[in-house]
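Each value in this text was obtained by applying a stated rule to the coordinates, not by laboratory testing. Given the structure is predicted, the values throughout are model-derived calculations rather than measurements. Don't worry about glycine lacking a Cβ; one is built from the backbone with ideal geometry, like all the others, and counts go over all protein chains shown.
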Amino acid sequence: MSDILSLAYPWVKGFHIISVISWMAALFYLPRLMVHHTERVGLSGETHELFAMMEYKLAKVIMSPAMMATWIFGLLLVMTPGIVVWSDVWPWLKAAGVIAMTVFHVWLMRRMRGFQVGENSLTGKQYRMMNEVPTLLMLLIVFSVTVKF
């Protein structure tokens, strides 16, 4: 199995990067949709239904599959011999960042489901602040992998 992973490494790495880009794009865009949904649309009417559908499709068609692909390709990279030195700090920082990003993903999915049923307890400002979470996690993840501290 390790020989196959070593041979497939460049392809797995490429698919991992593509998956991460897709996941991050959705993690950045969904909270922005929620800001506008909260501040401009409200929780009823035709425009609400449009925004709820857009949020749902972004979450279910792009964000969740991209997260799953990111995890699958990331775990394949971790299993590739010689890629991760577990005595270093960086793989643990990256893992913590990816787990935190997944928790943020789940939080967004719950917010999206709330909008679907006409419920929302957060303000546009709170969604704007939450929109910074994936940026901070991205910095942690990228620099832990590239700088390898």
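Of the conditions (1) touching a Pro at 6+ places or on another chain (Cβ under 7 Å); (2) exposed (fewer than 13 other Cβ atoms within 10 Å of the Cβ); (3) free of Cβ contacts under 8 Å to residues at least 12 places away in the same chain, Val84 clears all except one; give me its number.
Of the numbered conditions (1) touching a Pro at 6+ places or on another chain (Cβ under 7 Å); (2) exposed (fewer than 13 other Cβ atoms within 10 Å of the Cβ); (3) free of Cβ contacts under 8 Å to residues at least 12 places away in the same chain, the odd one out for Val84 is (2).
Could you please give the count of residues in region 87-97 that are within 14 Å of the chain's Cα centre (by Cα) and surrounded by fewer than 18 Cβ atoms within 10 Å (Cβ to Cβ)?
First, the residues of region 87-97 that are within 14 Å of the chain's Cα centre (by Cα): 94-97.
Among the residues that remain, those that are also surrounded by fewer than 18 Cβ atoms within 10 Å (Cβ to Cβ) are: 95-96.
Matching residues across region 87-97 total 2.
Can you pull out every residue in region 48-72 that is more than 14 Å from the chain's Cα centre (by Cα) and touching a residue at least 12 places away in the same chain (Cβ under 8 Å)? Explain how you work it out, then say what you get.
Initial filter on region 48-72 (more than 14 Å from the chain's Cα centre (by Cα)): 48-57.
Hits for region 48-72 are His48, Phe51, Ala52, Met54, Glu55, Tyr56.
Find all pairs meeting these conditions: Cβ atoms under 8 angstrom apart; at least six residues apart or on different chains; first residue within region 19-31 and touching a residue at least 60 places away in the same chain (Cβ under 8 Å); second residue in a helix (DSSP H, G or I) and among the aromatic types (Phe, Trp, Tyr).
Listed by first residue and then by second, the contacts come to Leu27/Phe104; Pro31/Tyr127.
If Met109 passes every condition in (1) surrounded by 15 or more Cβ atoms within 10 Å (Cβ to Cβ); (2) farther than 22 Å from Met54 by Cβ but one, which one does it miss?
For Met109, the exception is condition (2).
Would you confirm, using the coordinates I've provided, whether Val35 is over 30 Å from Val84 (Cβ atoms), surrounded by 15 or more Cβ atoms within 10 Å (Cβ to Cβ) and without any contact (Cβ under 8 Å) to a residue 12 or more places away in the chain? Give the steps one after another, and end with the answer.
Numbers: over 30 Å from Val84 (Cβ atoms): yes; surrounded by 15 or more Cβ atoms within 10 Å (Cβ to Cβ): yes; without any contact (Cβ under 8 Å) to a residue 12 or more places away in the chain: no.
Against the criterion (over 30 Å from Val84 (Cβ atoms), surrounded by 15 or more Cβ atoms within 10 Å (Cβ to Cβ) and without any contact (Cβ under 8 Å) to a residue 12 or more places away in the chain), Val35 does not qualify.
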